[in-house]
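Below is one structure, written out as structure tokens; the observations come after it.
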Ligand code: MSP
């Protein structure tokens, strides 16, 4: 449905603004006269030129609507931001990671009404469900924000006052289509005809399919039209501001069209569940303006915030790109605040090829699935199968097949083989023998390594850079594909040299056996280190089994196969970790026939 976006601003909403001329060019002088507002206009302005600290990193998820329980798509947004956060920590950044819930607006007010609950306790209950899910799934957030918190209200009021004092908010009236489900204004070209469940003709949003209503009311307008060329300059000058590139192009395309001013408040008599406009209790601040400011609230706004604000990165789903790549930067430009460093966009999960919805009964519960497939299992699946550029279909059977193949058999099997007491009775990190595996340049020296073994070393030496590139650009599936390919190569290496057939009584065979195991454990150490942002528990288990200490788990400590490069290896001779348990238990196929259960089957044993 993204294609409908290009015409988003084509047809203007019917806007009559009595104050347009009056407020134009009114920069930094307050048009407000009340005592309250005067006090609030003592703002701390930020320059967009603030130098940024390249070692700080502030990542955010969208804040989640509390009108319904979390589903798998929400977990995907959170897991995506989480892996970026963990990855930056591994790279030695000073980080902050915010998530939370979006609790104001008409749709929440209506959901609370429908549940016969007061909105505050309704929000608290659902917000708690999101928090519980994120804690259960190891989402390593540092801040959990709720828009009903006082600190957020102060930030929103302040932000509003700054915008108004600079003349970017003016009183006008709005007439046009509004979708409550999307909390979004729509142009005529974004609206189509449909029938509701009782066969009545209704208007719907072509993009989301949600019902829209005609809205006509006096409210406050934001001068979006003033920011068109600045937004274009920003995007053209920062080709990586919106990623993947496909979405960057979409935003630039939107900016070819006119950007009409839009309404940033609602009348309190229609919507009371929100933050009142400072100095005008008859109006409530538009829920998207309110929600977007959460990112600033967490950074400390309106007090000291520039340290974090200058390194902010947002993760968003494609459905909310317009709000983050057009409205939000325009608000920030109006407030003279720096723009986000990156907007990472992801596509959606469908189920059975369809959008998840209660009425279709195809909503996938992420908590139940992460209990069934384990937290790391769900994280691995979502990040391995999720493609930011296109939608993906969720299927339980696919989860089981993928996890059994890549985590149980391939990775778990490799660890199991190379640490088994049958091959490694002393349970120490084995020694590498350069004569058995000579460097390529050691001309004439005959070792036992084959050409494919050298190819494998090349792949593993190159792996951290490949993974880095894909982690940075949110193409995690490509990073995991590369790791998985290397794991396969390492399994092939062991398989090729059949170490269990070597004669331990022969000192040359023994050295070669140890070398095979040393190389394999070094490979596993690299895979474990690189996988930490994706499957933190599994990676931790793997690295602990190899005897890797906490301060040896960082990206900087990777240093693959030091002995092969003539350096010291700190791991050689070290006792392996005591946990000999299975790395990832085999999962049972959903609806698997009785009798063919593989529940208790151990990870694949080495086939000799
Ligand atoms: N409250 C707004 C965001 C405000 S941010 C200032 C909102 N909330 S949401 O709960 O509807 O969506 C939160 C996130 O979940 C968005 O990134 C959205 O794209 C994502 N997803 C919702 N459904 C999804 C799928 N089916 N698949 C993947 N992600 C999806 O929008």
Need a quick list: helices (runs of 4 or more DSSP H) entirely within the range 143-260 having at least 2 residues that are more than 32 Å from the chain's Cα centre (by Cα). 150-165
By residue number, the members of the range 371-389 that are outside any helix (DSSP H, G or I) and either near the ligand (Cβ under 10 Å from one of its atoms) or at pLDDT 95 or above (or both) are 373, 374, 386
Among 452, 368, the single one that is more than 30 Å from residue 502 (Cα to Cα), free of Cβ contacts under 8 Å to residues at least 60 places away in the same chain and in a helix (DSSP H, G or I) is 368
Look at residue 325 and say whether it is within 14 Å of the ligand (Cβ to nearest atom), touching a strand residue (DSSP E or B) at 6+ places or on another chain (Cβ under 6 Å), part of a helix (DSSP H, G or I) and within 14 Å of residue 153 (Cα to Cα). no
In the range 294-316, residue farthest from the ligand (Cβ to nearest atom) [restricted to those that are part of a helix (DSSP H, G or I) and touching a strand residue (DSSP E or B) at 6+ places or on another chain (Cβ under 7 Å)]: 307
Please go through (1) within 7 Å of the ligand (Cβ to nearest atom); (2) surrounded by 22 or more Cβ atoms within 10 Å (Cβ to Cβ); (3) under 24 Å from residue 286 (Cβ atoms) for residue 319 and return the number of the only condition it doesn't satisfy. (2)
Being crowded, with 18+ Cβ neighbours inside 10 Å, outside any loop (DSSP other than H, G, I, E, B) and out of contact with any helix residue (DSSP H, G or I) (no Cβ under 8 Å at 6 or more places or on another chain) narrows it down to one of 289, 332, so name that one. 332
Where residue 304 falls short, out of the listed (1) under 26 Å from residue 149 (Cα atoms); (2) touching a residue at least 24 places away in the same chain (Cβ under 8 Å); (3) surrounded by fewer than 22 Cβ atoms within 10 Å (Cβ to Cβ): (2)
Exception for residue 231 within (1) in the same structural domain as residue 154 (by the TED database); (2) surrounded by 21 or more Cβ atoms within 10 Å (Cβ to Cβ); (3) within 16 Å of the ligand (Cβ to nearest atom) falls at (3)
Could you tell me how many of the residues in the range 489-522 are in contact (Cβ under 8 Å) with a residue 60 or more places away in the chain and surrounded by fewer than 17 Cβ atoms within 10 Å (Cβ to Cβ)? 5
With the condition kept exactly as written, say whether any residue in the range 267-277 is assigned to a strand (DSSP E or B), more than 16 Å from the ligand (Cβ to nearest atom) and either at pLDDT below 95 or out of contact with any helix residue (DSSP H, G or I) (no Cβ under 8 Å at 6 or more places or on another chain) (or both). yes
Does at least one position in the range 335-353 carry a residue that is at pLDDT below 95 and either assigned by the TED database to the domain that holds residue 295 or within 14 Å of the ligand (Cβ to nearest atom) (or both)? yes
So which residues in the range 278-293 are more than 11 Å from the ligand (Cβ to nearest atom) and over 13 Å from residue 153 (Cβ atoms)? 279, 280, 281, 282, 283, 286
Only one residue in 567, 511 is assigned by the TED database to the domain that holds residue 466 and assigned to a helix (DSSP H, G or I), so which one is that? 511
Note: among 397, 393, just one is within 14 Å of the ligand (Cβ to nearest atom), at pLDDT 95 or above and either assigned by the TED database to the domain that holds residue 131 or in a helix (DSSP H, G or I) (or both), namely 393
Does residue 414 qualify as being assigned to a helix (DSSP H, G or I) and within 21 Å of residue 564 (Cβ to Cβ)? yes
Across the range 335-365, the tally of residues that are in contact (Cβ under 8 Å) with a residue 24 or more places away in the chain and part of a strand (DSSP E or B) stands at 9
Looking at the range 64-85 only, could you name the residues that are more than 10 Å from the ligand (Cβ to nearest atom) and buried (at least 22 other Cβ atoms within 10 Å of the Cβ)? 79, 82, 83, 84, 85
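The values are calculated or read from the model by the stated rules, or taken from the named source; none is laboratory data. All values reported here derive from a predicted model rather than from experimental measurement. Because the Cβ atoms are built from the backbone with ideal geometry, glycine has one as well, and the counts that use them run over all protein chains shown.
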